[in-house]
Every structure is written in C-alpha cells, then in structure tokens.
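A.B. asks: Have a look at the structure that comes next, please.
Since every read-out is calculated from the coordinates, none of them should be taken as a lab result. Just so it is clear, the model here is predicted, and its values are computed rather than measured. Here the Cβ is made from the backbone with ideal geometry for all residues, glycine too, and neighbour counts use every protein chain on show.
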C-alpha cells in the first residue's frame, strides 16, 4: 500500500474548488489518540479569480460575468491535477508529524510512538504506564471487594422479614419504607410481629393469623 493511499484513510479533505475561498487544505489524524494536524491553507488562484469576477458581475454585469465564467471553467478543468499535487505535498509534510508503526502499520503522532522500538504504544505499551494502570486497577478491585464485604455485613443487620409500604396509598409517592409519606405526610401502615411467633401482622390485628395468639 502506498504512502499516499495509506494516509488517505486517515485524512479529511478540507479543500474548496470554487469561489473566492477556493484552495487546498488537509487534516490528518493520529490513528491511536485521534489528535489532528492540519496543513496550511493554499489558495487556488484560478478559481479565486473567477470567484471575484463573478462577484463583480453581480454589481456591474456585462463582460465581467463572461470573464468570470471563462476563468471558472479553466479552474474546474485544472482542479483535479492541482488537488493531486497539493495532496502529495501535504502527505510529505504530514510525514514529519506522524510515524508509521512497524507492527500494525498505523500512523500515529509523536506522543503515541516509541521511537526506540519503532512501534506505537498500542503495540509496545510503555512499561511505567502499564505498571501504573495495573496498580490502579488492582486498587479499585481490592477496594470493591472490601466494599462488597462491608455491604454484606451491613445487610445482616436489616430486618428482611418486615413488610413495608413502598408507595403512599394516598398520593402514590415512593416512600422507600418511611413511616410517613415524604410528600403528603400520610402515615404508612407498618406491620408488627406477633407476640407469640415470627409472623408479621397488619396493625390492629387482634389474633395472629398463623398461631391464633391474641394480641394485646
């Protein structure tokens, strides 16, 4: 694969073929970090001249308009050749800003390239960076495990048998188990345990529905 073709896969053509702002400009990007570098704008004089004459024609008319059309036709005919030349120059200039990885063959910026090994940092990761990343990952993993253990310890202190109203029956607000609705103040119906067995009963129940014990 030629250099020109390879670079064409990571370049945006910003060139404009017509009008007073006609010219050539290309933007290349690093295939690792996606940072971008843009060539200096090079005006396409033939098209620019035609553009100015066309603008003049809108004010004065007559021969200016005809001359502008002729110049535009000439500029259009020479556009592709001029663009190819400008692109080749841009590629040569881009080589000074990008390096080609010897393994994956991607073009990367200087910050993403290990010049000593001729490889990008994806193919030859920086040892110190890898150590720091692994240490951080290990720290997160260890802290997560401890947090999980702490969560399990806290969970043992919750009464999971107790039923709670999670939505207020009056205004339908979520209560998250609160005794009173945080929106309207309605008192939630909290179940109570039977005085003789673990069965949970609705407030005001006179006899346990499980063991029949009379509630005081």
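A.B. asks: Between residue 140 and residue 167, how many nm apart are label points set 7 Å from Cα along the C-beta direction?
C.D. replies: Distance between the two pseudo-spin positions: 3.7 nm.
A.B. asks: So what is the relative contact order of segment 71-210, in percent, for Cα pairs below 8 Å that sit 6 or more residues apart? All intermediate terms of the calculation are to be shown ahead of the outcome.
C.D. replies: Details: 112 pairs, mean separation 12.7, N = 140.
Relative contact order here is 9 percent.
A.B. asks: Given contacts defined as C-alpha pairs under 8 Å and at least six residues apart, what's the relative contact order of segment 159-216, whole-number percent?
C.D. replies: Values: 89 pairs, mean separation 13.0, N = 58.
The value is 22 percent.
A.B. asks: Taking the Cβ-Cβ separation of residue 80 and residue 9 as r and a Förster radius of 22 Å, what is the calculated FRET efficiency to the nearest 0.05?
C.D. replies: Numbers: r = 20 Å, r/R0 = 0.91.
The computed FRET efficiency comes out at 0.65.
A.B. asks: Quick check: pseudo-label points 7 Å beyond the Cα along Cα→Cβ at residue 21 and residue 89, how many nm apart are they?
C.D. replies: Each label point is offset 7 Å from its Cα along the Cβ direction, giving 2.1 nm.
A.B. asks: Ok, one more. Given a Förster radius of 22 Å and the C-beta distance between residue 97 and residue 130 as r, what FRET efficiency does 1/(1 + (r/R0)^6) yield to the nearest 0.05? Intermediate values should be presented prior to the final figure.
C.D. replies: Numbers: r = 26 Å, r/R0 = 1.19.
Once rounded, the FRET efficiency stands at 0.25.
A.B. asks: Would you kindly calculate the translational diffusion coefficient of segment 159-216, applying Stokes-Einstein with the Kirkwood radius from alpha carbon pairs, for 20 °C and a viscosity of 1.002 mPa s, and quote it in µm² s⁻¹ without decimals?
C.D. replies: 174
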